[in-house]
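Comments concern the structure below.
All of the numbers you see were taken from the coordinates with simple rules; none came from a lab. Here the structure is a predicted model, which is why all the values come from computation and not from measurement. FYI the Cβ positions are ideal-geometry reconstructions off the backbone, even for glycines, and counts take in every protein chain you see.
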Amino acid sequence: MLSENLTVRHIEFNQGSMSSSFNWISVLSHLDTRYGGLSTVVPQLSSLLANTGSFSIGLAAFCNPGEEYTPPGISHLNVSYWPTSRSAWLRDSTIRSRFRNEIKSAEGLHIHGLWEQSTAMACDTARALQIPYVLSAHGMLEPWALSNRKWKKIIYSALFEKANVEGAACLHALTRAEAEDYRRFGSTRPVAVIPNGVFIPEKNSSDLFISKYPALKNKKILLFLGRIHYKKGLDILIESWAELSAKWPEAHLVIAGPDFEETKSKLEARINQLNLVRDVTFTGMLRGDLKWSAMAAADCFVLPSYSEGLSVSILEAMGMGLPVIISNRCNLPEVSQADAGWVIEPRQSALTSALAEWLSNSTERNKEIGNEGSQLVARRYNWSIITQQFTELYQWVQGGPQPRTVDLV
């Protein structure tokens, strides 16, 4: 973690700098999964790439003071922690010098996310040192995302972000739709389309979750799992649930995730107005076994988001055999194609219709839909396949042959 005065330290693994033997370094903002799926996916990918033996991988994590959470499974990686504050980097030249020393021996960087201090420093330093880098937008060039704080992003793009994007040896897109986002942004750089991967536990049980929330036993649970933020479409979810809860009193909405920008209090006020207090449960952030137990207890997963890259939670829910109800902004048209759930416009009427269909279906029919999703995840979002694709991509960036298994745009 970072101390309150924003000094740079290495935690748990050692107190020195990263070894100069690292071939690649992954750069991201935040390791605490409360900040979203990127904090889950990047450590997993880095760990798996290190396990192949083809690369040595380090993590450069830009974290807030007091951000103590360390993802499981990365104890064999060397992790350096850096401040997220732009002012800290501007006023303290020693931080910039240390960061330069961290990455100067790397053969490549994989920089995750846009509009962040982590991206600005990593791209600028990599270009200065002539180190090639792969840049992953993770949904941050999606039209809705660009419209949020639009004018700030227009100015920042002109000053910095377009140069960061165009300076990449290769861009990484999670989906074909995201590859098109790069083109709309004006980039002509090659784009590698590689999705997120997920781990699905072999065994799971609802017991842990139900023991914590015994009132939900025998309920038909609709699970939302993600950040509690306006962009996730929770406003229309609450309105749709108000339309349906009286007809299906056995159904219950569980909203699991950390609160962002005081969205939860606004939702709770609306829930009170609609007399839904008994039909909705907020659990806060769920991690580890409790998260998987919540998915085991659930009957359906919902994410009517206005903007997404490629949601890890959707993939995990499908991998667990849950039918899913998602918006078309989640960039997973194959959900509909595979009959693994419902893909809708993020509108209340469309969401209400999909929810009503799920609630009306027989248990057997919903299980069939869930099984299709589980098979889809096993075929397309398997980490072994994705690790091989990134291995080929990194080797190509370092001057090797063009990737055989990667969709290049």
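Computed quantities for the displayed model
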read-out: Over the chain, relative contact order from alpha-carbon pairs under 8 Å, at least 6 apart, %; value: 15
read-out: Label-point separation in nm, Ser205 to Asp339, each point 7 Å along Cα→Cβ; value: 3.4
read-out: Total charge dipole magnitude, the stretch 47-154, about the Cα centre, Cβ charges on Lys, Arg, Asp, Glu only, Debye to nearest 20; value: 480
read-out: Helix-derived mean residue ellipticity, 222 nm - over the chain, DSSP H n ≥ 4, -39500 (n - 2.57), to 500; value: -12000 deg cm²/dmol
read-out: Label point distance in nm, Asp259-Asn64, each placed 7 Å from Cα along Cα→Cβ; value: 1.3
read-out: Kyte-Doolittle at least -0.5, axis length at least 20 Å by Cα - qualifying DSSP helices, the chain; value: 383-397
read-out: Size of the stretch 338-409 as Cα extents on the principal axes (Å, biggest first); value: 55, 27, 13
read-out: Residues Lys217 and Lys162, FRET efficiency given R0 of 41 Å [Cβ-Cβ distance, rounded to 0.05]; value: 0.15
read-out: Estimated FRET transfer efficiency (Asn275, Glu250; beta-carbon r; R0 25 Å; 0.05); value: 0.90
read-out: Amide H partners (placed H, <5 Å) of Cys63, local residues excluded; value: His30, Trp82, Thr84
read-out: Over the stretch 273-320, volume per residue of the alpha carbon convex hull, in Å³; value: 121
read-out: Angstrom value of the Kirkwood radius, inverse mean 1/r, which spans all Cα pairs in the stretch 207-380; value: 15.9
read-out: Exposed-loop-free span, longest in the chain, where trypsin sites (Lys or Arg not before Pro) count as exposed if DSSP calls them loop and at most 16 other C-beta atoms lie within 10 Å; value: 10-103
read-out: The chain pair-distance distribution - Cα-Cα, 10 Å bins, rounded %; value: 5, 22, 31, 25, 13, 4, 0
read-out: Flagged links, alpha-carbon separation over 22 Å, of Lys231/Lys367; Lys153/Lys266; Lys203/Lys367; value: Lys231/Lys367; Lys153/Lys266
read-out: Where a label projected 7 Å from the Cα of Gln375 along Cα→Cβ would reach, residues of the stretch 326-351 with amide N under 16 Å; value: 334-341
read-out: Sites Ser105 and Asn361 - FRET efficiency at Förster radius 51 Å, r taken between beta-carbons, to 0.05; value: 0.35
read-out: The stretch 116-186 shape via C-alpha gyration tensor axes, a/c threshold 1.5; value: oblate
